[in-house]
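The block underneath contains the structure these notes are about, expressed in structure tokens.
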Amino acid sequence: MKRINLAVPMLVLIMGLSSSVRARTIYFGSEVEVITLPAGDDTLLKFPSEVRTITRAQRYEIQPADPEQPSYSVLRVRPRFSSGANNVAFILNDGTIIRTKLTVASTASPEKIDSVYEFKSKDGLISQDEGKAGAALSDLELMKAMIRGDEVPGYDIKSVSRNITPGFRGVTSTLIKVYTGNRFNGYIFEIVNKTKDKRLLVNIQNLMLGDPNQAIFSSVETPIIDPEKQGRSRTLVRIVAKPTSIYSKLILPIETVLNK
């Protein structure tokens, strides 16, 4: 276990206390919460009470946000590396343990990377993100809007072209659209079968987005895709995920369909 080190001086704007900056609310329980940090930049974490101990935090610079009036309930975090992830636990004064996986992402990522996160217990949760634009939209409603191609109030929608490695030879996977909002991220991937003679199955039930899995709801337009130039050789995969998810962490199970 590691106590917070105050040795490094800082000049930090207390963004989490400013009305002009809205914090991303993370409702925590016993599971691990993934927190996305921008590489080479600061992120503020706001806790319900002061943090007593932090474990496995050697790869991060963690300090109270205000060095003049230090409060261990508002911490500044800066990663010491440009990519990767580590499990870090924050233990509060009352013994509450907040388990996180701090994941470092490039600032060029198409998802919105928040600068402020506020942790709230699920035990006292009445209405998630009450009063925020798009907060009332359920995961199913977002999925329906993505299928229809509708505009979604409270969501930033970007058309992109980002290739990822699907892990199956002869298959290409491209992120073509991303939705970012208060409660969810939405992704649309185009999957293309470029093999000459293999029919492939996109096994959506085993899809994962990160570790732990950040995907909440997934759908595939056509699960079976034919070889290139032989019928339908492409399909769309749509994913509704937690707002701290990262598109490049997709694990897309693809199987060969055996001819009987």
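Is there a residue in the range 137-156 that is under 16 Å from Pro253 (Cα atoms) and not polar (S, T, N, Q)?
no
Which residues, counting only those in the range 69-90, are closer than 16 Å to Thr36 by Cβ and hydroxyl-bearing (Ser, Thr, Tyr)?
Hits for the range 69-90 are Ser82, Ser83.
Taking the range 162-177 on its own, how many of its residues are among the polar types (S, T, N, Q) and closer than 10 Å to Pro110 by Cβ?
0
Can you give me the ranges of the strands (runs of 3 or more DSSP E) entirely in the range 157-260 with at least 1 residues that are surrounded by 14 or more Cβ atoms within 10 Å (Cβ to Cβ), within 16 Å of the chain's Cα centre (by Cα) and at pLDDT 90 or above?
Qualifying strands (runs of 3 or more DSSP E): 171-180, 185-193, 215-220, 234-241.
Give me a count of the residues in the range 97-111 that are surrounded by 17 or more Cβ atoms within 10 Å (Cβ to Cβ) and within 13 Å of the chain's Cα centre (by Cα).
8
Search the range 114-143 for residues being surrounded by 16 or more Cβ atoms within 10 Å (Cβ to Cβ) and modelled with pLDDT under 85, and hand back the single one that is farthest from Val51 (Cα to Cα).
Across the range 114-143, the extreme among qualifying residues is Leu137.
Provide a single number: the residues in the range 146-156 that are surrounded by 16 or more Cβ atoms within 10 Å (Cβ to Cβ) and without any contact (Cβ under 8 Å) to a residue 24 or more places away in the chain.
Residues that pass the stated criteria total 0.
Identify the single condition in (1) touching a Gly at 6+ places or on another chain (Cβ under 7 Å); (2) over 29 Å from Leu37 (Cβ atoms) that Arg234 does not satisfy, given that it satisfies every other one.
(1)
Answer yes if at least one residue in the range 158-170 is touching a residue at least 60 places away in the same chain (Cβ under 8 Å), hydroxyl-bearing (Ser, Thr, Tyr) and assigned by TED's automatic domain parsing to the domain that holds Ile225, and no otherwise.
No - not one qualifying residue is present in the range 158-170.
Within the set of pairs 6 or more residues apart or between chains, which connect a residue that is farther than 17 Å from Val32 by Cα inside the range 91-107 to a residue that is of a type in the set (D, E, K, R) and surrounded by 13 or more Cβ atoms within 10 Å (Cβ to Cβ) with Cβ atoms less than 6 Å apart?
Partner pairs satisfying both residue conditions: Asn93/Glu50; Asn93/Arg52.
When you go through (1) under 22 Å from Ile35 (Cβ atoms); (2) without any contact (Cβ under 8 Å) to a residue 40 or more places away in the chain; (3) in contact with a helix residue (DSSP H, G or I) (Cβ under 6 Å, 6 or more places away or on another chain) one by one for Leu209, which number turns out not to apply?
Unmet for Leu209, out of (1) under 22 Å from Ile35 (Cβ atoms); (2) without any contact (Cβ under 8 Å) to a residue 40 or more places away in the chain; (3) in contact with a helix residue (DSSP H, G or I) (Cβ under 6 Å, 6 or more places away or on another chain): (2).
The values are calculated or read from the model by the stated rules, or taken from the named source; none is laboratory data. Keep in mind that what you see is a predicted model, and the values were worked out from it rather than measured. Heads up, the Cβs are rebuilt from the backbone with ideal geometry, glycines too, and the neighbour counts pull from every protein chain shown.
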